[in-house]
Amino acid sequence: MNKILMLAALAEAGTGMILLADPRIVVQLLFGAEVVGAGIIMSRLAGIALIGLGAACWPGTGTRLAFQGMVTYSTLAMLYLIWIGVRGESAGFLLWPTVVVHAILVVLLFRARFKEEKTPPV
């Protein structure tokens, strides 16, 4: 569980740092669209939130809460991105790969959680 949480935390915090530094990169790759004005401000706020999520989900900060936070975020992000893609709204090069990555992450998190629950305490 800790390895998967660490991977997820690093990925989300890394994406957050890119959003904070230059939101146009992430928006272009995910949605194939330009972002201006208040969209840049909101993208940077989203970046800050992802950095916070990464920090909160770092292994050792309470695995159960970290698991719940990361699963909630990844599931909702995946569903929202699917909705965007199916509606035919802005879709960039990385939209569908990002959906797949979130789906895989949710599966890995649940698998690790169930494996952890089946392991008897030492």
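Values in this text are rule-based calculations from the coordinates and carry no lab data. For clarity, every value in this text was computed on a predicted model and none was experimentally measured. Don't worry about glycine lacking a Cβ; one is built from the backbone with ideal geometry, like all the others, and counts go over all protein chains shown.
Annotations for the structure displayed:
- With both labels modelled 7 Å from their Cα along Cα-to-Cβ, the T75 to A103 distance reads 1.7 nm.
- Cα gyration tensor shape for the stretch 2-118, rounded if a/c is under 1.5, else prolate or oblate: oblate
- Set of the stretch 26-60 residues, backbone N closer than 14 Å to the point 7 Å along the Cα-Cβ line of N2: 58-60
- Between 0 and 90 degrees, the angle of helix 63-86 with respect to the longest Cα principal axis of the chain falls at about 30 degrees.
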